[in-house]
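Novice: Please read through the structure below; I'll follow up with questions.
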Amino acid sequence: MNEGYGKSQGGEIMNEFSDLRDTAIAKARDGDIPGALNTAINLIDEPLYKSQALIYIAKAQAQDGDSKGAASTFQEALNTANLITNPFWKSVALRKIAQAQADRGDISGALTTANLITDPFWKSEALRNIERAKELK
């Protein structure tokens, strides 16, 4: 059963997903947002790795001034994170999304995402990071 983490499908498959995630991130870092999105959306089947790639891509879009694209990609990351069946890893993914949203100034979106986190530790981390981001604004 795919729990959305670890080696639930075998180490080779998880390594393939992490390699694809890293490829998508490298493409985004190099400015190839369409290539990064294609890799993340069409090639990564595992929700945890896909959401991680999408978060990085959304951050790259925001840094490039593509607010609309970043918002859409953050939403895709959120939709993907909600497919993670393991509550701990789902909370980890949602915390990363909330942090990225807060870092780009979307405090409302970050709070909405943080409220979806079920793990108390990761929820408190997300809320603490959102408060820090608000102070920096």
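Novice: Given the conditions (1) at pLDDT 95 or above; (2) in the same structural domain as Leu20 (by TED's automatic domain parsing), and given that Ala93 satisfies all but one, which numbered condition is not satisfied?
Specialist: (2)
Novice: Is it fair to say Ala102 is in a helix (DSSP H, G or I) and either free of Cβ contacts under 8 Å to residues at least 24 places away in the same chain or more than 20 Å from Leu20 (Cα to Cα) (or both)?
Specialist: Values: in a helix (DSSP H, G or I): yes; either free of Cβ contacts under 8 Å to residues at least 24 places away in the same chain or more than 20 Å from Leu20 (Cα to Cα) (or both): yes.
Here the answer is yes, as Ala102 does meet what is asked.
The values are calculated or read from the model by the stated rules, or taken from the named source; none is laboratory data. In this text the structure is predicted, and so the values were computed from the model without any measurement. Note that we place each Cβ from the backbone using ideal geometry, even for glycine, and neighbour counts take in every protein chain shown.
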